[in-house]
């Protein structure tokens, strides 16, 4: 009996796979290792030390930009999740209608358009509004990050909705539950894993974005990624390695939680 096609049997597959893994993870491993280097050197190991983590945690600027980044990510992801949930309901719990594919494409537009294009477009709009209103607060950052995070939150929420059995909502209607009551007692509880996954994916996306923030932020509105970028432009020290490692750890926690929530269950 002929065996089916298996990509692992192709010549050189193992070598290509190992090379790809090395290119992806060796630089990250080096960054983490040198965050524990006792020396300021980025190329010579001088012994294990936690001094750079202590320096980073005692740095008032690092604490301020970290708090601002976490606040911005939480607020933006929250707004994006609410809007993405409404959009997912509007595109999955209705029949086919003209323009439905176009709406789906528009919602996912930030995923398809280069981030630099979105950043420049937001810069033009924000600059015009700033001139007209004189307002330079964090509202622009929240709106920009929310718009950018919507498609990332939308995808897992829509995927979750598409797996829900619509007969449950029909049964609720047969038992005289109105649309709002059926949503609150049937659809929403079943949708919670998708909503949580969408929020966490939006949170990580907002926490990580540099381009959008660089174009939209005003003076005194540095986030952790933009602060790190500015410091690296001046000089690269193990302190930045330590900050990046902590940043990586936080991202891994949220990404792991995302996969645990969205994984298929029997």
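Where helices (runs of 4 or more DSSP H) sit wholly within the stretch 172-232, those with at least 1 residues that are over 14 Å from the mean Cα position of the chain (by Cα), in contact (Cβ under 8 Å) with a residue 12 or more places away in the chain and closer than 26 Å to residue 108 by Cα occupy 188-208, 211-216. Any residue at all in the stretch 133-151 that is farther than 29 Å from residue 227 by Cα, modelled with pLDDT under 90 and surrounded by fewer than 21 Cβ atoms within 10 Å (Cβ to Cβ)? No, there is no match, as no residue in the stretch 133-151 is farther than 29 Å from residue 227 by Cα, modelled with pLDDT under 90 and surrounded by fewer than 21 Cβ atoms within 10 Å (Cβ to Cβ).
Would you call residue 143 in a helix (DSSP H, G or I), out of contact with any helix residue (DSSP H, G or I) (no Cβ under 6 Å at 6 or more places or on another chain) and free of Cβ contacts under 8 Å to residues at least 24 places away in the same chain?
Yes; evaluated as a whole, the condition is true for this residue.
Only residues that are within 30 Å of residue 150 (Cα to Cα) and touching a residue at least 12 places away in the same chain (Cβ under 8 Å) were counted in the stretch 38-63, giving 2. When residue 16 is tested against the conditions (1) surrounded by 10 or more Cβ atoms within 10 Å (Cβ to Cβ); (2) at pLDDT below 80; (3) part of a helix (DSSP H, G or I), the lone failure is (2).
One residue alone among 75, 82, 62, 94 is modelled with pLDDT under 90, surrounded by 14 or more Cβ atoms within 10 Å (Cβ to Cβ) and either assigned to a helix (DSSP H, G or I) or assigned by TED's automatic domain parsing to the domain that holds residue 195 (or both), and that residue is 62. Here's a check for you: in the stretch 233-243, which residue that is touching a helix residue (DSSP H, G or I) at 6+ places or on another chain (Cβ under 6 Å) and over 10 Å from residue 62 (Cβ atoms) is surrounded by the fewest Cβ atoms within 10 Å (Cβ to Cβ)? This residue is 241.
The values are calculated or read from the model by the stated rules, or taken from the named source; none is laboratory data. These figures come from a predicted structure and were not determined experimentally. So basically every Cβ, Gly included, is an ideal-geometry build from the backbone, and we count neighbours across all protein chains shown.
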